[in-house]
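The values are calculated or read from the model by the stated rules, or taken from the named source; none is laboratory data. None of these values were measured; they are calculated from a predicted model. Cβ coordinates were reconstructed from backbone atoms using ideal geometry, including for glycine residues, and neighbour counts include every protein chain displayed. Each accessible area value is taken on the protein alone, full model and side chains, heavy atoms only, with ligands, DNA and RNA left out. Shrake-Rupley method; radii C 1.70, N 1.55, O 1.52, S 1.80 Å.
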Amino acid sequence: MFSLDLLLDAVVIGVLLGCFYGAVSLGLSVSFGLLDVPHVAHPAFLVLASYAVYFLNENYGVDPLVAGLVITPIFFLLGLTAYRLYYETFEKRGSDAAVRGIAFFFGVAFIIEVLIILQFGVDQRSVSASYIGKAWRLGDIRIPYRLLVAFAVATVLTMLLTLYLSRTFMGRAIRAVAQDQEALRLMGANPIKVKQWAFGIATAVLGISGALLIIVSPVDPTLDRAYIGRTFCVVVMAGLGSLGGTLVAAIILGVAESIVLTLFGASWAPAISFAMLLAILAVRPQGLFGRRS
């Protein structure tokens with residue numbers, strides 16, 4: 001029977017889960033929100049990062065969070081390469097780049113999924129660490145350490161990325177390229193190189209996010225499909241390019257999913273992100289923290 005204690009438990013878990021959703025959506029907030037790149041392969045790169053963390057943890061005993069830091073530079077270079085390929089093949093050619101770009105990134109996502117299956121098989125994979133499987137009790141509420149880790153890392157990651165975009169020259173250039181490329185060019189900066197750098201950062205963030213994903217739950221090669229709706233819902237709900245809003249929107253989604261899971265069961269939870277995405281597009285297309293154009 002539903003009770004106030006059960007609701008409180010759902011809200012607490014939902015907030016922590018939402019912070020995790022915020023962490024896995026940060027990269028998309030940059031690539032799609034600021035650069036306007038239809039990066040539907042974002043969740044596939046996320047799962048790829050999780051498997052890279054699994055490989056380091058399983059074979060060398062590296063802590064998942066440390067493994068996430070280790071692969072971050074590799075994913076940065078991967079992001080630089082992916083954007084250059086996208087730009088030369090699609091964006092450089094004109095107005096229908098977005099439509100063709102969606103097909104391109106869907107193809108990339110499919111290739112990543114097949115490569116993971118060929119290397120690791122279709123079974124779920126998980127990592128081991130001292131904080132996985134343990135929980136902290138707050139009264140009658142049991143809070144898994146893995147969600148507390150995700151909460152802490154997501155908060156720090158959001159703060160660092162926000163500071164980078166607001167306090168550094170390249171960060172301000174990244175924000176400017178989304179608004180006026182010609183003005184940026186007049187200032188002596190190359191908009192394409194700025195966007196490539198930004199896409200590299202958006203992909204590098206997935207190194208840490210992928211570590212959080214496999215810490216929170218086991219992963220399988222098709223898990224990216226479950227996160228397409230969630231990540232785009234968070235970014236659109238926040239308002240394109242709003243990093244602080246991304247964390248808030250993710251918490252809203254996490255709480256909503258947790259309450260629905262508690263009340264109606266797990267089968268309804270995946271539909272929440274798509275329902276909220278459609279609702280926000282109908283009621284406030286610019287997002288909760290976006291400005292009207």
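Short version: ³J(HN,Hα) in whole Hz for each residue of region 248-262, in order, from phi by Karplus 6.51 cos²θ - 1.76 cosθ + 1.60 (θ = phi - 60°), x for Gly and Pro, what are they?
Values per residue, Gly and Pro as x: 5, 4, 5, 5, 4, 5, x, 5, 4, 4, 5, 5, 5, 4, 5 Hz.
With the other protein chains left in place, how much accessible area per residue, in square angstrom, belongs to region 108-168 at a 1.4 angstrom probe?
Accessible area per residue: 62 Å².
How high is the FRET efficiency from Leu8 to Trp268, r the C-beta distance, R0 22 Å, rounded to 0.05?
Details: r = 20 Å, r/R0 = 0.92.
Working from the Cβ atoms, E equals 0.60.
Give the angle, between 0 and 90 degrees and rounded to the nearest 10, that separates the Cα long axis of helix 42-60 from the longest principal axis of the Cα atoms of the chain.
It is inclined by approximately 60 degrees.
How much net charge surrounds Leu223 when only other residues with a Cβ under 15 Å from its Cβ are counted (Lys, Arg +1; Asp, Glu -1)? Could you put the intermediate results ahead of the total?
Details: positive: Arg125, Arg225, Arg230; negative: Glu113, Asp123, Asp220, Asp224.
Charge balance in the 15 Å sphere: -1.
How charged is the neighbourhood of Ala109? Take every other residue with its Cβ under 12 Å from the Cβ of Ala109, and add Lys/Arg as +1 and Asp/Glu as -1.
Combined, the nearby Lys, Arg, Asp and Glu give -1.
Once both axes come from the Cα atoms, what is the angle between helix 191-216 and the longest principal axis of the chain, in degrees from 0 to 90, rounded to 10?
So the helix axis and the longest Cα principal axis differ by about 10 degrees.
Given the options Ala154, Ala52, Ala226, which has the most mean-square fluctuation in a GNM of the chain, springs set between C-alpha atoms less than 10 angstrom apart?
Ala226
Between 0 and 90 degrees, rounded to the nearest ten: what's the tilt of helix 4-28 against the longest Cα principal axis of the chain?
Taking the Cα atoms of the chain, the angle to 4-28 is about 20 degrees.
Given region 125-234 reduced to its alpha-carbon atoms as identical point scatterers, what log10 I(q)/I(0) does the Debye formula return at q = 0.14, 0.17 Å⁻¹?
So the normalised log intensities work out to -0.75, -0.94.
Answer with a single label: of (i) 228; (ii) 137; (iii) 275, which was calculated as volume of the Cα convex hull per residue in Å³ from the structure in view?
(ii)
In the Gaussian network model of the chain, springs joining C-alpha atoms below 10 Å, which of Met187, Met159, Met170 carries the largest mean-square fluctuation?
Met187
By the scheme Lys and Arg +1, Asp and Glu -1, what is the net charge of all other residues having a beta-carbon under 14 Å from that of Pro43? Don't skip to the answer; put the middle values down first.
On the way: positive: Arg225, Arg230; negative: Glu113, Asp220, Asp224.
In short, -1.
Given a 1.4 angstrom probe, I'd like the percentage of the accessible area of the chain that is carbon and sulfur, rounded to a whole number.
Roughly 67 percent, rounded to a whole number.
So between Ala282 and Val122, what do we pick up on full extension, going 0.36 nm a residue minus the alpha carbon distance?
In short, 53.8 nm is gained.
Could you give the dipole magnitude of the chain about its Cα centre, charging the beta-carbon of Lys and Arg +1 and that of Asp and Glu -1, in debye to the nearest 20?
The calculated dipole for the chain is roughly 740 debye.
Hey, got a sec? Which trypsin sites (Lys or Arg not before Pro) in region 160-192 land in a DSSP loop and have at most 10 other Cβ atoms within 10 Å? Each step should come with its number before you reach the end.
Values: sites: Arg167, Arg172, Arg175, Arg185; in loops: none.
Sparse-neighbourhood loop trypsin sites (Lys or Arg not before Pro): none present.
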